[in-house]
Structure formats: structure tokens, C-alpha cells
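Single-structure report; data block below.
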Amino acid sequence: MAKRIFTLLLIVLLFSCQNNNKLIFPLESKIFGLATPIYLNQNKTIVHLSDFFINVSEIDSIKTDSNLFVNLSSDKQLLTLEIKNNSLPQLSCLKIWSEGFRYDILVKKSRKINYKIHFDAKEKKYSKVQITGDINGWNPKVTDLKNNNGIWEKEIILNPGKYSYQIVLDDKWMLDPNNKDSVENNQGGFNSVMKVGNFNPELSPELYTNNYNDNEINLTCNSKISKFYAFWQNYELTDKFIETDNNSIRIKIPKEAKKIKRSFIRAWAYNEHGVSNDILIPLDYGKVINNSKEIIRSDKQALVMYFLMVDRFNNGDKNNDHPINDPDVLPKANYFGGDIAGVLQKIKQGYFADLGVNTIWISPIAQNPLGAYGEYPNPHTKFSGYHGYWPISSSKVDFRFGTSDEVKNFVNVAHQNNFNVFLDYVSNHVHQNHPLYKQHPDWATSMYLPDGTRNLEKWDEYRLTTWFDTFLPTIDFSKPEVVDLMTDSAVYWIKTFDFDGFRHDATKHIPEVFWRTLTKKLKQQIPSNRILYQIGETYGNRDLIGSYVNSGELDAQFDFNVYDDAVAVFAKDDQSFLRLKNSILQSFLYYGYHNLMGYITGNQDRGRFISYASGDLLFNEDAKKAGWTRDIEVTNPVGYKKLTSLIAFNMTIPGVPVIYYGDEIGMPGGNDPDNRRMMRFNNLKPEEAKVKEITKKLIHLRRNNLSLIYGDTKILETSDKAFVYSRTYFNKIAVIVFNKDNIEKDISFNIPEQFKNTNLKSNFNSDFSLEKNKINIKLQSNSFEILTN
């Protein structure tokens, strides 16, 4: 009876509000944050409703497009969506009622198509033909081709685009001899390239922010659209909020937005050519943000991250220096003395504020073993746990980095100085001396496979069970009690030390049940006014990487696919910007045009970019061996110019830019541990000081231009040597231009109509002219320019 009365009251309220820009919404949303869109599979899709609703028992009813079958499990945990026919539109809306209120989640139809792989054996005899590559996580065992009279075939389901691959003939990997199209793999070799379907995202409609006032927002679309969707928070804005006139769209801002400090308008559209870019507009108590000074520390799109290895950054307290006293450990593999006190010292000295970053990501600080483990053959050495990735405790701070009180004080001071602090956290494995493994060896996966071989470093073939080394047992998360214990340990670090989020190590090696459990606990146990950010580390294809990025798991992962292409294009003279354009457009389609993915200058597992760019480190050599056997420095100054271009790219595309410590000065190095040298703050070479000044300027441009934070992205011009794109946020514009040629170049390109009467200025002193709808700019070799208004 009470529920009926409540429903009647809601109906009365709905009728009373139908003629104004008011919504009916609860005082406290049942969905935490912005609900990520649901990406449908070709036929059947399982939706974890607990990704969106903490208490699924409160769900009343569900409605979706009539072209979908809907089946809700009895416990309301899982929702199955099955496509009835081909009439399903490219975008639709899932409507879920919980305790009388409706919540709306965008649903995207799958872009995937059936694609048949053919391999002509040319009358040669093979007992087995497989394919390996981006399409299957480089695991040939999952894609066996079938012999059809000498033509080996298999039909698979893929998104349109380009995929790197190799043919595996009787267990021998090689380029496809029947395909001349190939691409460098950044490891001294090549992969064949498979082109699937028609990848032309430029044909899809493009939405742009146009203008606004206190009550409404105006968008423009470049072409006719079939359907337009707008959301305020997790509520679809109905027709009373939206007016369309040809290519113009007017959105009334709900009055309820005035009650919330930070809320968002999101928008999508589609036509027969595809789905548009997404629009993201931040509101401050219902008003469109129009000044970067309104950005707050918890605004995720505004993050600029700095990743440091605690042991290799700054030694602030020599009393906790305890390198391993073992002749088998060479100095490069031992503790250098960096600590939390050293990071705090640099906050107080203003290093991070001067650089311009607003987020500090520190390497793991849990207690690591006292002895040496692992081995490298030549020169022979064992390793200490200076990096922090071999935990023997899930709650104690490593005494070589400081005390718990020091960590608490460090985070507190960082917050006082308006910095976020993210903790690098290891969940996939523990060290063999960890009490969890010593007391419960059955809580680890087996190091041996059924055939008796060791399951070591089989990253793709056995990604959920493989061990990283013989002394690093992988946790078996198929056991619910293990998931519960290990997620509790992760939550402990947030609750105890007030960290603002995690960088998660080895994400793809951990089942999704762990991530869902952890994220749900964080939503339940951390106050809702604390905005946490979680980013994962996964090497693999975009399908695999993106599978962990959703409302119930992680905010983001590092986009290593774009990073690999950016490294190749900016470092190598023979790699075209067309490769980078294709890569970034692919990522937009997977993660969105306002994604929170991490875009790095480098990390602790790769040779330093500048060393590749300067030619002091070769792509076809063992970068780890190079770091051990020779002193790698920067002998060609062009490396510094190429590095600043990479940084400029990261700072001007959507996502979260990440500076790996030392890259702001062009610190060289091979791979681990040579890419983990002690940070240098003084006595910089002139070229290093210049890189630092350019980096500072780029970071400050990023943080002070809303077009570079929330702007819509449009690629204006691409050739082998030139790349031009724009970011626009209402009347705020940025045009980014790159020249990767080794000579000075005049670059001309057309600009959109709305740019014509804009007063653009150069930020890096390049000469340019604007005539009608064309910009002509002169760029030095291996350089860039950012034009802003």
C-alpha cells in the first residue's frame, strides 16, 4: 500500500513538473559517479548490475529498447540483453527504476563484424596453422585455422580497424607471406597488418560545443543525425529539455544541477554512418565551467600525473638507508636510498608545483624482502626489492622508505598543497616470504602446468595463473575467501593513509571478480565526497584493456597501444603520422573522446624514449642488456626535440598525461634497471634545462586551458611528416601542429568555420598566418606549436 501511494505521488510530481526544466531525482543517487555506457556484444551481453548499483535488491524494474530481449536474474545481479533483430539502433537507453526513481544508462550497439581469415599454403603441407596478434592477445592457441583444400580458414568477430598479427606454421611464428602490408613492432622486427572492414570514423557525425548561458547549452552537429541523446548525471534528458533545429541542438540545464557542486552534461548522436564523438560538459552548481580556476583536485579529466620510484627519487633521510649487503647484488640492482621523506622534501621545496603537475603517483611502499632474489646472467647479479613489487606484507610500510606516520604526514601535506597522491598497488602476487603464502600455499596458483612444465612468464597463454618468477606466487582469486582478504588489504591503504587512488600492477593477470569486489568495497566504505581514481596496467589489445574499464571496475588503464605507436612515430624518421592518427581514433572508439586513460612518456618497464629517439638505444637490441653493458647517454640532441614533441602530444590529447620521473629533463637509459637511475635535480645540461622549461610550459598550458581538458577533438590534417588537430570547448580553442621532418617545414591546413574570427596566438614563437579558413605555419624541424585563443 505504501509503495502504491509513493508511486501515485511520483506521478503527480511528474505532471506538475512537465512544463519546466526540472527532473525528479533522489537526494542521493543509487549510482556512484557517471555510469559508463554499456557496449553490447553481437548477440548476447551480460550486464553486472552491481557495477552500477551497490544494492541491487532495491531495483524495481527495467526497460530497454524493444529490439532487445531482457532477462533479469532472480538475485538481480545479472541482466542479460539479447538482440532480437537487425532493427536495434546504434544507440539506445537502458532505464532502471530503483525505489521509485529512474536511472538511465546509454547502450551502444556492437560495431563488430564477422571476418574470415584466409591463409593459402601454396601447396605446402602443414599439420597446424594458427594466427596470433592483436586479435587474440598474441595467444595462437585460441585461433586455430581449419584446412579447406590447402586454404586454411577461420571466421572471427572483430571491430573494423587495423590489427598487427603473425602466422604460426607448425608452431613457427612468421610474417604472413601472402600479405605485403606490415608495420614495425618497436622491437627490431615487423608484424603483418590485417585490415578489417571499413574504418572511417570521420564519416560519423561530429558534435561540437557552441555557446551557453546560465540556463542552456547549445551544440552543433556537422551533419544530419538520426537520434540525439543527452544526459545530466545518470538521467536521460527528455524532449522537454532538448530542442533541435537543423544542425543546432539546444539543451536546457536541469534546475536540480544548481544543488550539486560538480555535475556533468553528456551527449551522443548517431546517423547511418556511425556514432558521434561524445560531449562532456562540467557544471559548477548548475553553471557551465568557463574558467580553469574552477577546476578542483578531484576533477579527473584535469589530472596531470607524475610517476616516481620512491627509492630512485630523493633521499630525504639517510637514517633509513639499508642497502642489501650481498656481493651478488650489483649497485644498479640495490637500494639507492630514496624515501618518503625525500618526496615530501620536494613537495615543500616546490618542485612539483613549479613543474605544474597536480597528482603524484608513487611506486609500491609495502614491506619487501630483506634478501636478494632473481638473477641476471651477464653481468651476473641478483636483485633487491628496491622497486617495491615483491611484497612480504600487505599492510606494513617498508622501513627503508619510512614509517606509517611519515606516509600519513606526506599525504596530508600533499593534500594541503592541492596534490592528489596515488599508490602503486600489487595484488596479483606476493613474495614467497609473505605470511599469506607461507600459511596458505594452496591460495596460490600452481607453478607447474599439467604437462609438468613451469608456468612462468606465460603472459598471454595462461595470463590468470602464470607466475612472474619462481619466488613470486600468483594469488588464486578463484577462491572467494582470497578475494575478500586481498581486497580488504587494498581498502586498508586508502582508509589508513588517505590515498586518492591506485595504480594497479598487472591488471590483466587478475580476474574481474577481484576488481568488482574491490571497487564495490571502496564505494561502500569510503565517503562519497571522496573521489577516487583507479588506473590499471594491461599490455594487450584494446578489447582486453577496455574490458576492465567500466563503472564497476577501473576508471582507466594505460593506453599502451597509443604509446607504442607514438614512440614509433616520434622517434623514427620513417614512421608516418598516419599510424598515430589511426591509433588515436581507434582508442576514441573504444574508450570515448573524453576518456581517463593514461598516456605516458615512459615507465619502469621500457627503455627511455629519449634514448631511442637519439639513436643511443636501438629498437632491435635488448634494451635491458644495453643498460647493463654500456653507458647510455644522449649523443644526438635531436632526441631532446623528439621527446618534447611526445610530451606535447600527451598534454594535448584527451586522457590523463603521465610524466615518468626524469623524462622532464630527458634522462636517458636502457631498460630495467637502467631506466631507474637516481633522479637529478641540479647541474642540468643546457638541453636538459630546456626540456624541463618546455615541459613546464606544456603542463601549465594543459591545466590552464579548458579546451585541453574538456575540449572536443578534431583531426584537421595528417601526412607522413605533419599532424594537426584541434581541441574546442565552446569559444576556447587550441590548435596543435607537429612537424616530424628533419627540415623546417611550411604547413597549411583548413580550419573549421567557427575558428575563422578567432584571435589565435602562438605559444612557442612559431610564425603563422590566418587567412579566411586557412592557417599557414612555419615549424622548425622535429617541433610543434600550440595555438590558443
Practice task
Identify all residues within the stretch 373-392 that are part of a loop (DSSP other than H, G, I, E, B) and under 19 Å from Met309 (Cα atoms); write none if there are none.
Solution key: Ser384, Gly385, Tyr386, His387, Gly388, Tyr389, Trp390, Pro391, Ile392
Handout entry: Pair list, Cβ < 8 Å and 6+ apart or interchain, from the stretch 277-299 residues that are over 17 Å from Ile260 (Cα atoms) and at pLDDT 95 or above to residues that are in a loop (DSSP other than H, G, I, E, B) and hydroxyl-bearing (Ser, Thr, Tyr)
Key = Asn277/Ser204; Asn277/Tyr593; Asp278/Tyr593
Exercise for the section: Output yes when any residue across the stretch 604-626 is open to solvent by less than 20 Å² (accessible area, probe 1.4 Å), within 30 Å of Pro37 (Cα to Cα), β-branched (Val, Ile, Thr) and in contact (Cβ under 8 Å) with a residue 24 or more places away in the chain, and no when none is. Expected result: no
Problem - Scan of the stretch 133-175 for residues that are closer than 20 Å to Arg463 by Cβ, touching a helix residue (DSSP H, G or I) at 6+ places or on another chain (Cβ under 7 Å) and modelled with pLDDT under 95, ordered by number - result: Asn136, Gly137
Problem - Hits in the stretch 45-80 (condition: closer than 12 Å to Leu94 by Cβ and in a loop (DSSP other than H, G, I, E, B)) - result: Phe52, Thr64, Asp65
Practice task
Only residues in the stretch 409-432 that are more than 17 Å from Gly598 (Cβ to Cβ) count as the first member; pair them with residues that are open to solvent by 40 Å² or more (accessible area, probe 1.4 Å) and acidic (Asp, Glu), Cβ under 6 angstrom, at least 6 apart or cross-chain, and list the lot.
Solution key: Val411/Asp498
Handout entry: Of all residues in the stretch 134-186 being of a type in the set (Lys, Arg) and either in contact with a Cys (Cβ under 9 Å, 6 or more places away or on another chain) or under 21 Å from Asp565 (Cα atoms) (or both), the one that is least open to solvent (accessible area, probe 1.4 Å)
Key = Lys162
Completion exercise
All conditions in (1) open to solvent by 10 Å² or more (accessible area, probe 1.4 Å); (2) more than 29 Å from the chain's Cα centre (by Cα) are true of Gly402 except (1)
Exercise for the section: Would you be able to tell me the number of residues in the stretch 432-473 that are touching a strand residue (DSSP E or B) at 6+ places or on another chain (Cβ under 9 Å), aromatic (Phe, Trp, Tyr) and either open to solvent by 70 Å² or more (accessible area, probe 1.4 Å) or in a loop (DSSP other than H, G, I, E, B) (or both)? Expected result: 3
Fill in the blank from the handout: The residue that is surrounded by the most Cβ atoms within 10 Å (Cβ to Cβ), considering only those in the stretch 544-561 that are assigned to a helix (DSSP H, G or I) and among the aliphatic types (A, V, I, L, M), is Ile545
Problem - Residues located in the stretch 336-366, provided they are assigned to a loop (DSSP other than H, G, I, E, B), open to solvent by 20 Å² or more (accessible area, probe 1.4 Å) and in contact (Cβ under 8 Å) with a residue 12 or more places away in the chain - result: Phe336
Problem - Checklist (1) modelled with pLDDT of 95 or more; (2) surrounded by 14 or more Cβ atoms within 10 Å (Cβ to Cβ); (3) part of a loop (DSSP other than H, G, I, E, B) applied to Ser92, failing item - result: (3)
Fill in the blank from the handout: Among (1) touching a residue at least 40 places away in the same chain (Cβ under 8 Å); (2) within 21 Å of His415 (Cα to Cα); (3) surrounded by fewer than 18 Cβ atoms within 10 Å (Cβ to Cβ), Pro511 falls short only on (2)
Practice task
Determine, yes or no, whether Asn291 is open to solvent by 40 Å² or more (accessible area, probe 1.4 Å), of a type in the set (S, T, N, Q) and touching a helix residue (DSSP H, G or I) at 6+ places or on another chain (Cβ under 8 Å).
Solution key: yes
Practice task
For the stretch 631-645, state whether one or more residues are assigned to a strand (DSSP E or B), among the β-branched types (Val, Ile, Thr) and under 27 Å from the mean Cα position of the chain (by Cα).
Solution key: no
Exercise for the section: Go through the stretch 562-589 residue by residue and tally those that are in contact (Cβ under 8 Å) with a residue 60 or more places away in the chain, within 15 Å of Asp134 (Cβ to Cβ) and open to solvent by 10 Å² or more (accessible area, probe 1.4 Å). Expected result: 4
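Quick test for you: out of Ser719, Ser766, Ser726, pick the one residue that is in contact with a Ser or Thr (Cβ under 9 Å, 6 or more places away or on another chain), of a type outside the set (Val, Ile, Thr), buried (at least 21 other Cβ atoms within 10 Å of the Cβ) and modelled with pLDDT of 95 or more.
Numbers: Ser719 fails: buried (at least 21 other Cβ atoms within 10 Å of the Cβ); Ser766 fails: buried (at least 21 other Cβ atoms within 10 Å of the Cβ).
Result: Ser726 is the single residue among Ser719, Ser766, Ser726 that is in contact with a Ser or Thr (Cβ under 9 Å, 6 or more places away or on another chain), of a type outside the set (Val, Ile, Thr), buried (at least 21 other Cβ atoms within 10 Å of the Cβ) and modelled with pLDDT of 95 or more.
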Fill in the blank from the handout: In the stretch 37-57, anything open to solvent by less than 60 Å² (accessible area, probe 1.4 Å), under 27 Å from Asn86 (Cβ atoms) and at pLDDT below 95 is listed as Gln42
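For every residue, the table says whether it meets (1) under 29 Å from Arg579 (Cβ atoms); (2) in contact with a Ser or Thr (Cβ under 8 Å, 6 or more places away or on another chain); (3) hydroxyl-bearing (Ser, Thr, Tyr); (4) exposed (fewer than 15 other Cβ atoms within 10 Å of the Cβ).
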site	(1), (2), (3), (4)
Gly197	yes, no, no, yes
Glu202	yes, no, no, yes
Glu206	yes, yes, no, no
Thr209	no, yes, yes, no
Glu216	no, no, no, no
Ser226	no, no, yes, yes
Ala230	no, no, no, no
Gln233	no, yes, no, no
Lys240	no, no, no, yes
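The values are calculated or read from the model by the stated rules, or taken from the named source; none is laboratory data. This structure is a prediction, so every number in the text was calculated from the model and none was measured. As a convention, Cβ positions derive from the backbone with ideal geometry for all residues, glycine included, and neighbour counts pool all protein chains shown. Accessible surface is based on the protein model in full, side chains and every heavy atom, while ligands, DNA and RNA are left aside. Shrake-Rupley method; radii C 1.70, N 1.55, O 1.52, S 1.80 Å.
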